[in-house]
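**Q** Dropping the structure in here first, questions after.
The values are calculated or read from the model by the stated rules, or taken from the named source; none is laboratory data. The structure presented is a predicted model; accordingly, all values stated were derived computationally and were not measured. Cβ sites come from the backbone with ideal geometry, for glycine too, and all protein chains shown count toward neighbours.
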Amino acid sequence: MRFDVITLFPEMFSAIQDEGVIARGIKKSLLSINTWQLRDFSDNKHRNIDDKSYGGGAGMVMQVKPIRDCINKIKQCKPKTKVIYLSPQGKKLTHRLAKEISTLDSITLLCGRYEGVDERVIEHDVDMEISIGDYVISGGELAAMVLIDAVSRQIPGVLGNQDSLNDSFANGLLDYPHYTRPEEIDDQIVPEVLLSGHQANIDAWRQSQAIQNTQKKRKDLVEK
Ligand code: 4H6
């Protein structure tokens, strides 16, 4: 999978490219991230890509021309790329949606700043508007990085083992509790079954804990 990212802050993406799961995926050539500085598509010497909002108000709006030119440039190389705009108005990102996106060959992520992009970009150039949750953040970059991480983990071979199969949500449930050494600390002990060596009992206990956890912490997931 190739991610092309359109942003005013390409340096932010070093946060996910230099270490961790995504860095490993890049090393194995299972994925690549290409950033595009939107200011390079400005048509003026100040490198502006935004202007005042029609109708008034304080905020600035990202203009159509630089964004459209940048997308068209990416499409010269990847004509079938799906353009995703990260915004609070988008369809909510879930495990299921991340998995669907992970089957695509090329994704272009458009990161908004200011008040977002001119609506005509959404109408004409954007294939899918996605939100990472019902809250506002200062720019689309962090949302794009969340999407890149969640999608990349679903690409076969990106995770060392195939533990994504056991992720919370992969089976519609939350995770079971985890313990490591020591067996006892400040009078808190590890559940006996985990020390028993009886794998069938351990699996059954974990499954039942996952169900109880989901009941207790996320009733909404159980009802669905
Ligand atoms: C598009 C439009 C994504 C992008 C407006 C982005 C939350 C999410 C942004 C804005 C985002 C999400 C700019 C509006 C800052 C508020 C960038 N916020 N905003 N939930 N912010 O996925 O002001």
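**Q** Take the residues in the stretch 1-52 that are in a loop (DSSP other than H, G, I, E, B), touching a residue at least 60 places away in the same chain (Cβ under 8 Å) and in contact with a helix residue (DSSP H, G or I) (Cβ under 6 Å, 6 or more places away or on another chain), then tell me which one is surrounded by the most Cβ atoms within 10 Å (Cβ to Cβ). I'd like the intermediate steps shown before the answer.
**A** Here is the first cut: in the stretch 1-52, the residues in a loop (DSSP other than H, G, I, E, B) are 1, 8-9, 18-20, 28-31, 42-49.
Among the residues that remain, those that are also touching a residue at least 60 places away in the same chain (Cβ under 8 Å) are: 1, 8-9, 28, 30-31.
Okay, now just the ones that are also in contact with a helix residue (DSSP H, G or I) (Cβ under 6 Å, 6 or more places away or on another chain), so 8-9, 31.
Values: LEU8: 19, PHE9: 15, LEU31: 21.
Checking each candidate, the answer is LEU31.
**Q** Output the residue which, of all residues in the stretch 78-95 that are in contact (Cβ under 8 Å) with a residue 24 or more places away in the chain and more than 15 Å from the ligand (Cβ to nearest atom), is nearest to GLY59 (Cα to Cα).
**A** Only one residue fits best here, namely LYS82.
**Q** I need every pair where a residue in the stretch 134-156 that is under 19 Å from ASP4 (Cβ atoms) and of a type in the set (Ser, Thr, Tyr) has its Cβ under 8 Å from the Cβ of a residue that is more than 14 Å from the ligand (Cβ to nearest atom) and in a helix (DSSP H, G or I), sequence separation at least 6 or different chains.
**A** Note: pairs meeting the criteria are SER152/VAL21; SER152/ILE22; SER152/GLY25.
**Q** Just wondering, is there one or more residues in the stretch 97-119 that are under 13 Å from ARG68 (Cα atoms), surrounded by 12 or more Cβ atoms within 10 Å (Cβ to Cβ) and near the ligand (Cβ under 9 Å from one of its atoms)?
**A** yes
**Q** Of the residues in the stretch 194-224, how many are of a type in the set (A, V, I, L, M, F, W, C) and under 13 Å from LEU174 (Cβ atoms)? If you could, list the steps in order and put the result at the bottom.
**A** Within the stretch 194-224, the first condition is being of a type in the set (A, V, I, L, M, F, W, C), and the residues that meet it are 194-195, 200, 202, 204-205, 210-211, 221-222.
From the residues that got through so far, the ones that are under 13 Å from LEU174 (Cβ atoms) too are 210-211, 221-222.
Counting residues in the stretch 194-224 that are of a type in the set (A, V, I, L, M, F, W, C) and under 13 Å from LEU174 (Cβ atoms) gives 4.
**Q** From the list ASP149, ASP186, exactly one residue is within 16 Å of the ligand (Cβ to nearest atom) and either over 26 Å from the mean Cα position of the chain (by Cα) or among the charged types (D, E, K, R) (or both). Which is it? Break it down into steps so the answer makes sense when it comes.
**A** Working: ASP186 fails: within 16 Å of the ligand (Cβ to nearest atom).
Being within 16 Å of the ligand (Cβ to nearest atom) and either over 26 Å from the mean Cα position of the chain (by Cα) or among the charged types (D, E, K, R) (or both) holds for just one of ASP149, ASP186, which is ASP149.
**Q** Just one of the numbered conditions (1) under 22 Å from MET12 (Cα atoms); (2) surrounded by 14 or more Cβ atoms within 10 Å (Cβ to Cβ); (3) more than 14 Å from the ligand (Cβ to nearest atom); (4) without any contact (Cβ under 8 Å) to a residue 60 or more places away in the chain is not true of ILE71; which one?
**A** Only one criterion in (1) under 22 Å from MET12 (Cα atoms); (2) surrounded by 14 or more Cβ atoms within 10 Å (Cβ to Cβ); (3) more than 14 Å from the ligand (Cβ to nearest atom); (4) without any contact (Cβ under 8 Å) to a residue 60 or more places away in the chain is unmet by ILE71, namely (4).
**Q** I've got another one for you. Scan (1) in contact (Cβ under 8 Å) with a residue 12 or more places away in the chain; (2) in contact with a strand residue (DSSP E or B) (Cβ under 9 Å, 6 or more places away or on another chain); (3) of a type in the set (A, V, I, L, M) for the single condition VAL190 breaks and write down its number.
**A** With respect to (1) in contact (Cβ under 8 Å) with a residue 12 or more places away in the chain; (2) in contact with a strand residue (DSSP E or B) (Cβ under 9 Å, 6 or more places away or on another chain); (3) of a type in the set (A, V, I, L, M), VAL190 is out only on (1).
**Q** Among the helices (runs of 4 or more DSSP H) lying completely within the stretch 124-224, list those that include at least 2 residues that are within 28 Å of GLN89 (Cβ to Cβ). Show your work before the answer.
**A** Numbers: elements: 140-152, 199-217, 219-223.
Correct list: 140-152, 219-223.
**Q** Quick check on LEU93: is it closer than 17 Å to VAL5 by Cα, surrounded by 19 or more Cβ atoms within 10 Å (Cβ to Cβ) and not β-branched (Val, Ile, Thr)?
**A** Numbers: closer than 17 Å to VAL5 by Cα: no; surrounded by 19 or more Cβ atoms within 10 Å (Cβ to Cβ): yes; not β-branched (Val, Ile, Thr): yes.
Here the answer is no, as LEU93 does not meet what is asked.
**Q** Here's another thing I want to ask about it. Of a type in the set (A, V, I, L, M), at pLDDT 95 or above, surrounded by fewer than 19 Cβ atoms within 10 Å (Cβ to Cβ) and in contact with a helix residue (DSSP H, G or I) (Cβ under 8 Å, 6 or more places away or on another chain): does that describe VAL64? Spell out how you get there, then give the answer.
**A** Details: of a type in the set (A, V, I, L, M): yes; at pLDDT 95 or above: yes; surrounded by fewer than 19 Cβ atoms within 10 Å (Cβ to Cβ): yes; in contact with a helix residue (DSSP H, G or I) (Cβ under 8 Å, 6 or more places away or on another chain): yes.
Criteria met by VAL64.
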